[in-house]
Structures are given as structure tokens and as C-alpha cells.
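Enquirer: The structure follows.
The values are calculated or read from the model by the stated rules, or taken from the named source; none is laboratory data. Here the structure is a predicted model, which is why all the values come from computation and not from measurement. Neighbour counts run over all protein chains shown; Cβ positions are idealised from the backbone, glycine included.
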């Protein structure tokens, strides 16, 4: 039985990678073509400015990743005593974490709830997984794998991402594919207060007159494909919210 389970796991992993490889390559080719076209249209002086912007952008990202990683390590050590089980599986039982989480996204702590969790979870998994591949990933790629929420899946994913050098969109696609192949859905933690805050912020922005005018103006310049994508995304969001409302009414 163990052998058959292992074989099925290997086959599933192979199929996932085989299915994702062409899609990732296609996205990469389109991105390279677009970037090359945009770069070719610039003059020498503009190209020099672009290169500086890219270097500075990379430095900002590296600095931010480093800051988040250090913050997560501090939280893991001082709030959870470097106890992986407490930080990963039972953090809501920790009184310091509960107080900190309640202050998140407010005047005293302008850090979102999901950012707090990303920071501490990446640090906790550094210890729990004991994986060189996982530790080799930057913070931005680590937290995108957290949805897998399973030690074996995370180790495997880290090795795959490292060996294929997936970009962030490729990582998101890989994670979705892995989750779809699981026989049981991965548990999702829902924080109602965080959700209400996120919805309030979105509603405030979407109903702002200035935003509405800017969007209307920008939409006139969109290609048909991009306009269709925008409308499709809006409709999908509306359908998702309607589905949640129906579920709440039933329950």
C-alpha cells in the first residue's frame, strides 16, 4: 500500500510539473517579447534611466524582503519562543499574538493581518522544514507557497521553484495546480475582522469619485483584450460576493 501511495504521489508530481511547464514557458515568452519590444523603442538616454530604475527597484525589493524576514524571525523568537507548533498550528492561542493581531491594520500597527502571518510563518517553516531549498528562496517566493500548508508539499514545492526558477506568477499557478490535485482541500483560516477591513477599504476606494473618473478615463485607452479582462474580473468578483451572501443567508 505504501509503495502504491508513493508511486501515485510521484506520478501526480510529474503530471503537475508537465502541465505547468508549457504554460510557464508561454507566459515567459510573452513577457520577454513585450519587454524586448518596449526596450527597443527607447533611445540610449532613456535606456540608461530604465536600467537605473530596474536596479533601484531590485534593491527596494531585496531590502523589503530582508526587513520582513528579520521581522518574522523576531516574532518567531520573542512571541512564540521558536516553537514551530505554537507559531504554525496554534498561534491564535498565544495572548501576545492575539493582541498584536487585533492591532494590525490600525493606527498603532500599519501592517496588514496577512503580512503579519506571512512574516511569522516563513520564519517558523525555516525551522520546521529544515530544507536547504526552502531556505534558499527569498521571502517573496516563500510566502507564496504558504497556501500549501503541508510540510511535504512545501519541501517539494521549494525544490521545484528553486530548480525551475519560477517567477511569482508561475509560483501562483503551481500552487493552484497542486491544491487542485489534493484529494482533501487544504484548510483555510478565516478572520472575519480582517475580511471586513479589507472589504471596507475596497468599497471606500471603488466608490471614490476620483477613482471612478480615473478608471473611466483609463478604460477608454485599453485594448479590447484588456477591457474584456477587466470586465471579466469585475464580474467574477461580483459573483463571488453574491455567492458568499447567499451562503450567509442560508446559514
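Enquirer: Could you list all residues from the range 194-218 that are outside any helix (DSSP H, G or I) and surrounded by 10 or more Cβ atoms within 10 Å (Cβ to Cβ)? Walk me through it before giving the result.
Expert: Quick first cut of the range 194-218, residues outside any helix (DSSP H, G or I) only: 207-208.
Within the range 194-218, 208 is the sole residue that qualifies.
Enquirer: Given the structure, is residue 105 modelled with pLDDT under 95, at positive phi, surrounded by 13 or more Cβ atoms within 10 Å (Cβ to Cβ) and within 21 Å of the chain's Cα centre (by Cα)?
Expert: On the way: modelled with pLDDT under 95: yes; at positive phi: yes; surrounded by 13 or more Cβ atoms within 10 Å (Cβ to Cβ): yes; within 21 Å of the chain's Cα centre (by Cα): yes.
Criteria met by residue 105.
Enquirer: Taking the range 219-234, which residues are surrounded by fewer than 11 Cβ atoms within 10 Å (Cβ to Cβ) and either farther than 25 Å from residue 114 by Cα or at pLDDT below 85 (or both)? Can you show your working first?
Expert: Pass one, the range 219-234, residues surrounded by fewer than 11 Cβ atoms within 10 Å (Cβ to Cβ): 220-221, 223-225, 232-233.
If the condition is that a residue be surrounded by fewer than 11 Cβ atoms within 10 Å (Cβ to Cβ) and either farther than 25 Å from residue 114 by Cα or at pLDDT below 85 (or both), then 220, 221, 223, 224, 225, 232 are the ones that fit.
Enquirer: Test residue 145 against the stated conditions and say whether it is touching a helix residue (DSSP H, G or I) at 6+ places or on another chain (Cβ under 7 Å) and crowded, with 16+ Cβ neighbours inside 10 Å.
Expert: Values: touching a helix residue (DSSP H, G or I) at 6+ places or on another chain (Cβ under 7 Å): yes; crowded, with 16+ Cβ neighbours inside 10 Å: yes.
Yes, satisfied.
Every residue, every condition in (1) over 30 Å from residue 91 (Cα atoms); (2) exposed (fewer than 12 other Cβ atoms within 10 Å of the Cβ); (3) touching a helix residue (DSSP H, G or I) at 6+ places or on another chain (Cβ under 8 Å); (4) at pLDDT below 55, yes or no:
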position	(1), (2), (3), (4)
7	yes, yes, no, yes
10	yes, yes, no, yes
30	yes, yes, no, yes
63	no, yes, no, no
71	no, no, yes, no
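Enquirer: Sticking with this one: Among the candidates 123, 173, single out the residue that is closer than 23 Å to residue 66 by Cβ, in the same structural domain as residue 75 (by TED's automatic domain parsing) and either assigned to a helix (DSSP H, G or I) or modelled with pLDDT under 95 (or both).
Expert: Unique residue meeting the criteria: 123.
Enquirer: Does any residue of the range 189-199 turn out to be at pLDDT below 85 and over 29 Å from residue 141 (Cβ atoms)?
Expert: Yes, because at least one residue in the range 189-199 is at pLDDT below 85 and over 29 Å from residue 141 (Cβ atoms).
Enquirer: Shifting gears a bit: Checking residue 43 against (1) closer than 29 Å to residue 115 by Cα; (2) at pLDDT below 90, which single condition isn't satisfied?
Expert: It is condition (1) that residue 43 fails.
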